[in-house]
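The values are calculated or read from the model by the stated rules, or taken from the named source; none is laboratory data. Keep in mind that this is a model prediction, so the values were computed, not measured. Cβ sites come from the backbone with ideal geometry, for glycine too, and all protein chains shown count toward neighbours.
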Protein chains: 4
Amino acid sequence: MRAHPRRVGLQPDTIQEGQLILLYADGRKWLLKAGHRSFHTHKGIVDLAQLMGKSYGQGVKSSLNHEFIALKPTLYDLIMHLRRPTQIIYPKDIGLILLKLDVTPGKRILEVGTGSGALTMALASMVKPSGHVYTYEKRPEFAEVASQNLSKAGISEYVTVKNYDASRGVEERMVDAVVVDIGDPWTVLEPVTEALKPGHPLASFSPTVNQVEKTAAALSDLGYVDLETVECLVRNISVRPGKTRPQTLMIAHTGYIIFARKTLL
Amino acid sequence: MRAHPRRVGLQPDTIQEGQLILLYADGRKWLLKAGHRSFHTHKGIVDLAQLMGKSYGQGVKSSLNHEFIALKPTLYDLIMHLRRPTQIIYPKDIGLILLKLDVTPGKRILEVGTGSGALTMALASMVKPSGHVYTYEKRPEFAEVASQNLSKAGISEYVTVKNYDASRGVEERMVDAVVVDIGDPWTVLEPVTEALKPGHPLASFSPTVNQVEKTAAALSDLGYVDLETVECLVRNISVRPGKTRPQTLMIAHTGYIIFARKTLL
Amino acid sequence: MRAHPRRVGLQPDTIQEGQLILLYADGRKWLLKAGHRSFHTHKGIVDLAQLMGKSYGQGVKSSLNHEFIALKPTLYDLIMHLRRPTQIIYPKDIGLILLKLDVTPGKRILEVGTGSGALTMALASMVKPSGHVYTYEKRPEFAEVASQNLSKAGISEYVTVKNYDASRGVEERMVDAVVVDIGDPWTVLEPVTEALKPGHPLASFSPTVNQVEKTAAALSDLGYVDLETVECLVRNISVRPGKTRPQTLMIAHTGYIIFARKTLL
Amino acid sequence: MRAHPRRVGLQPDTIQEGQLILLYADGRKWLLKAGHRSFHTHKGIVDLAQLMGKSYGQGVKSSLNHEFIALKPTLYDLIMHLRRPTQIIYPKDIGLILLKLDVTPGKRILEVGTGSGALTMALASMVKPSGHVYTYEKRPEFAEVASQNLSKAGISEYVTVKNYDASRGVEERMVDAVVVDIGDPWTVLEPVTEALKPGHPLASFSPTVNQVEKTAAALSDLGYVDLETVECLVRNISVRPGKTRPQTLMIAHTGYIIFARKTLL
């Protein structure tokens, strides 16, 4: 290999009408659609038209002369900025679920409890283009919001949102993994187990210890093995030269995740 | 939607010669290649040939009459069971990196510090089949082990392992994300920044606070914004009916992750 | 011993004019002086005179018919309710310091950095009546507030508050333990070491990692051994039948505590 | 105040026959009785006689020329080195209990579940010389070990150890605080409530969530208010210049502590 590598002819992503941008200024961020319009903030008006055709990473001055930068939104940003009438599963938990459930391109995943679609969005982004996510949400208003969120993120085609109560049965069979995020997971374990390939993993997310106990017992009864319950904590560190310290406040609890594997026992 | 869904004609994954299986018995797990051979454990000898052509999730009795179950290995299992002459980045940290760096199918990712290839394996599993991972490792013995690990996991074709010191320059340009996992991240920040698309994210993993301070300062100097430093903790809960409690011991620290975004400032 | 024990003739503590009471209603608490007056809250007016001569634990109805209960304030309550123009050391940290520094009745303790007097109050409460606390505070306004807080808690006679910069020297000799809570602990380590009995312990509290590193290095240079640095985290659990879970938010960081022991090396 | 303070005529504590010393060498510690004898370690033989009459903090060379230092044991050391046939409550939890229960000189404290006497030792050390601890332990062998531990620590006279099942009733009345550390706290709550002054605090320590739920419900039924359940975590930091980081392993759980206050409701 050469020490002075050859420049390859790739181009930066440029910002096009209708694309999502993450506008950044002084630690604040806004998820926006690019377009020929202006955006009003407490730091002045930003003329988004100036960004059209420019590279991500570009700065633009507001009317009050503050620097705003157009960043490329990531899956993390999409999740954190989606419209959420419900509690969402946070990226810290989602990340672990992806690895434990082997959510990789091409997989078919069954989700019960779409909610606002935060986890759905992550699942779909990972299984695309050849995989698919089937997600059940019994409350019509949440199914609607989730569908809109998935559409905004541009991944609707990889998801089937079903406004149906999964405790009454699910249509899918031989899915690669199952994830449950509802208040009473035990009510859907029989149907989702019917849908899951043997030897494959399931995850269930619950805020309380009591839900965890009840879900774990039901999973054992259904022949699941390798049960593992965890909680995942993320601590933010304030890094400043000579003054580095963990931040004072943290989110200490979102929920517990139970992982288990279906057997033929 | 119907309450009694139609059965679709999908088949379970069956175990074939040479495939990886995760053998499970009483809380212990072994990652093995399926084949016509026997496997010796403290709970007796397992005749793996009995599993050939069977579905995952199937149980088999050992010579000492213990039940062993063949599970489908997940990305998590592959990472936790790989050969590791180095410290690895753990799934809890990898999961968060995947979301923050938008590591999704089709992306081109640059990694510096292959180590044993744990993170590389996760990156490759997520960007495949159309994306690619370029990973630099200056120590030949680790580059070799990582290549073997990637090969065993069946994802070599999505990774280019380069036995080269990235502080001397990298060949790639316009990659979608960069992740750094070496002892002195600041030595490679200039070359990897040249490789990264503007507006796109970078992550750096370091065990000590001092590394974090130095890396964060270097990133700011290079015009990165939206710096965030976190540590991710996973706590295992022992769930037993009427006796549920967090486990006594936990891994309290692996390292800190710094996230940042390249700008054109 | 008998199964039906004899009643001994002890009386409950009764509430007297001028004593401190902790008034409790629906999860809120106020630290007050008992007296012939009324106390105004958002849940109505409480006639404190009704409590005079009554036992602690007694309830009284407000003008809006809410139940208020007069509790006996503990050291914890005094600390959490004191007037605090500065950051205080929290009970979780104070408790550990008491045990590690052997702050027991009769001991003579040297403190540098009185601040609002939270830790001072705990130290004095533990060493009384035969011990004493010597505390240095260079900012006159804080020395004044601390003195008032100690007076309100009724333990002034066990404390000498010195409005003096301890980095210029301290008068005490052969104290049983030293505790430092200032921004630049290393500036006072020489004087306080002169004051401390050999073989005895010192603690220093600091919010940042950088302060900890610098203080630890200075302690080693002065011949201290058995250095131990910890952070203490308290997590609140919301206990409700069938809905028990850790609380969402927690105070994730107050500071690090370094413990060390003076030697004659 | 003078910048060059006067030296007062205090003397260091000198080591006398039969006193406890904490011998320290290279991070290891042993709690010993001083005397005219030698002590064998993996770093050579230490002639303890050389320390007699010397000050604490003094070093002595072993037969293999390693430096050993005689430190003054603290309450923390006594607790961590006591003989423990049972799980003990750790200093991190004890410290918080002391402050929440107002365990200060002169107080009368009731404890149920003496165990090895770790908490008992701390309680007695804080209430002496005018206060007293009454502690119940139904298993004779633990009552015996605890008595020996208290005797070794020199605080037996401030404690009454009762080998009796507290669920059958307790003799004490009008104690200032109650602490319970048994597997089924709810069985003793009625008797200890009879013993506790109204308006005064109680603490109960339990490892599992289920115990916590059951105890909290029983306390509410008995009219207690201001219930608070916490877990206290201590994380050790490895402080080395330029390499500072939290330690890899930590004790993630000992137990939960419930605090509550008796009322006359």
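Some observations on this one:
- Selected residue (criterion: nearest to A:K197 (Cα to Cα)) from residues of the range A:136-160 that are assigned to a helix (DSSP H, G or I) and of a type in the set (D, E): A:E157
- Flag if C:K138 is in contact (Cβ under 8 Å) with a residue 60 or more places away in the chain and assigned by TED's automatic domain parsing to the domain that holds C:R173: no
For (1) buried (at least 24 other Cβ atoms within 10 Å of the Cβ); (2) under 15 Å from the mean Cα position of the chain (by Cα); (3) charged (D, E, K, R), each residue gets a yes or a no:
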{"site": "B:S125", "(1), (2), (3)": "yes, yes, no"}
{"site": "B:T135", "(1), (2), (3)": "yes, yes, no"}
{"site": "B:V145", "(1), (2), (3)": "no, yes, no"}
{"site": "B:G154", "(1), (2), (3)": "no, yes, no"}
{"site": "B:V175", "(1), (2), (3)": "no, no, no"}
{"site": "B:V179", "(1), (2), (3)": "yes, yes, no"}
{"site": "B:I182", "(1), (2), (3)": "no, no, no"}
{"site": "B:V209", "(1), (2), (3)": "yes, no, no"}
{"site": "B:R235", "(1), (2), (3)": "no, no, yes"}
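- Scan the range B:113-135 for residues that are under 11 Å from B:I155 (Cα atoms) and either β-branched (V, I, T) or outside any loop (DSSP other than H, G, I, E, B) (or both) and the total you get is 10.
- Looking only at the range C:19-38, and only at residues there that are of a type in the set (K, R) and more than 12 Å from chain D (Cβ to nearest Cβ), the one that is farthest from C:L82 (Cα to Cα): C:R37
- Checking A:S38, A:S63, A:S116 one by one, the residue that is of a type in the set (S, T, Y), farther than 30 Å from A:V234 by Cβ and in contact (Cβ under 8 Å) with a residue 12 or more places away in the chain is A:S63 and no other.
- Number of residues in the range D:156-173 that are within 17 Å of D:P185 (Cβ to Cβ) and surrounded by fewer than 21 Cβ atoms within 10 Å (Cβ to Cβ) equals 5.
- So A:V161, is it of a type in the set (A, V, I, L, M, F, W, C) and over 27 Å from A:I21 (Cα atoms): no
- Just so you know, in the range A:80-97 the residues that are hydrophobic (A, V, I, L, M, F, W, C) and facing chain B (nearest Cβ under 7 Å) include one that is farthest from A:S151 (Cα to Cα), and it is A:L96.
- Among the residues making up the range B:61-81, those that are touching a strand residue (DSSP E or B) at 6+ places or on another chain (Cβ under 8 Å), crowded, with 18+ Cβ neighbours inside 10 Å and farther than 18 Å from B:G18 by Cα are B:S62, B:F68.
- The range A:88-97: number of residues that are without any contact (Cβ under 8 Å) to a residue 60 or more places away in the chain and either in a loop (DSSP other than H, G, I, E, B) or in contact with a Pro (Cβ under 7 Å, 6 or more places away or on another chain) (or both): 1
- Count of residues meeting criterion [within 14 Å of chain D (Cβ to nearest Cβ) and within 14 Å of C:D26 (Cβ to Cβ)] in the range C:39-59: 1
- Which numbered condition B:P241 misses (of (1) in contact with an Asp or Glu (Cβ under 8 Å, 6 or more places away or on another chain); (2) closer than 17 Å to D:I237 by Cα): (2)
- Verdict on D:D13 being touching a Phe, Trp or Tyr at 6+ places or on another chain (Cβ under 9 Å) and at the interface with chain C (Cβ under 8 Å from one of its Cβ atoms): yes
- Members of the range B:98-112 found to be closer than 17 Å to A:A153 by Cα and either more than 9 Å from chain A (Cβ to nearest Cβ) or assigned to a strand (DSSP E or B) (or both), listed by number: B:K107
- Residue among A:A166, A:A153 that is among the small types (G, A, S), farther than 22 Å from A:L78 by Cα and touching a residue at least 12 places away in the same chain (Cβ under 8 Å): A:A166
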